[in-house]
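The values are calculated or read from the model by the stated rules, or taken from the named source; none is laboratory data. Everything numeric in this text was worked out from a predicted model, so none of it was measured. Using ideal geometry, Cβ is built from the backbone for each residue, glycine included, and neighbour counts are taken over all protein chains shown.
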Amino acid sequence: MNKTKRRIFTTAIKLFAEKGFENTGIEEITAVAGVAKGSLYYHFETKEELFDLALEEGAKLLNNSIEIKSRHCKNALEKLKVIVMVQIKSIIRYKDFVTVIINNTLGENSRTIKCRKAVNEYVSKIADVIKEGVDEGIFYDGDIEGIALGIFGTNFTSLLYTLKTEENVTAEQIYKSYIETIIRGITKRRELCEI
């Protein structure tokens, strides 16, 4: 992505996070980005295309990070720890993007349907790891989709609360707290929970 396109893209995401997609106009994006309207339309045909690119790039980034970092994991618990850490770091680093996704998961328009689909695909990856852990005898059996959704949701909720309180915490501190409280709850073999 060239410099101008990147500037338009990051400005749009920031404004979508602050004001909402519907309340952000093309004129405002170009004014804040410091580019001409023609530059925006050269790179993006519509505001919706900006949104779609954000969703696509975010999903790609998250999935690639998880794949690379979990490649050499010995078991499902190690993979789940990788997923949790990558998710935490992504939420902290890409707070505006995450806000846009979370704000667009309710409703029935095309954006919300796309966001829910992306979230469901990601939660399915967590569910696959939980199922693998159940098969390995590491995790308790149960509603695997529900557990995966709970892990996803709890991770977001705890991070959003931490970011809201504006405390200066690191991804590692959040991860440690998360692992100690949530992961241990689903793990049968306590010796595997050591951080």
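Condition test on GLY146, is it surrounded by 21 or more Cβ atoms within 10 Å (Cβ to Cβ), assigned by TED's automatic domain parsing to the domain that holds GLN173 and under 21 Å from ILE179 (Cβ atoms)?
No: the conditions fail for GLY146.
Which ones in segment 93-102 are aromatic (Phe, Trp, Tyr) and either assigned to a helix (DSSP H, G or I) or not assigned by TED's automatic domain parsing to the domain that holds GLU56 (or both)?
Within segment 93-102, just PHE97 meets the criteria.
Given the structure, is ILE151 under 27 Å from THR10 (Cβ atoms), in a helix (DSSP H, G or I) and in contact with a helix residue (DSSP H, G or I) (Cβ under 6 Å, 6 or more places away or on another chain)?
Judged against the criteria, ILE151 is not a match.
Step by step: first the residues of segment 90-130, then only those that are surrounded by fewer than 14 Cβ atoms within 10 Å (Cβ to Cβ) and touching a residue at least 40 places away in the same chain (Cβ under 8 Å), then the one that is nearest to ILE186 (Cα to Cα). Which residue is that?
GLU121
Given the conditions (1) in a helix (DSSP H, G or I); (2) of a type in the set (S, T, N, Q); (3) under 22 Å from GLY153 (Cβ atoms), which single one is not true for THR105?
Only one criterion is unmet by THR105, namely (1).
Inside segment 106-139, can you point out the residues that are more than 29 Å from ALA54 (Cβ to Cβ) and in contact with a strand residue (DSSP E or B) (Cβ under 8 Å, 6 or more places away or on another chain)?
If the condition is that a residue be more than 29 Å from ALA54 (Cβ to Cβ) and in contact with a strand residue (DSSP E or B) (Cβ under 8 Å, 6 or more places away or on another chain), then GLY133, ILE138, PHE139 are the ones that fit.
Just to be sure I understand, how many residues within segment 74-88 are charged (D, E, K, R) and surrounded by fewer than 19 Cβ atoms within 10 Å (Cβ to Cβ)?
The total comes to 2.
What are the pairs with Cβ atoms under 8 angstrom where one residue, in segment 22-46, is assigned to a helix (DSSP H, G or I) and the other, located anywhere, is surrounded by fewer than 11 Cβ atoms within 10 Å (Cβ to Cβ)? Sequence gap at least six, or different chains.
Filtered contacts from segment 22-46: LYS37/GLU27.
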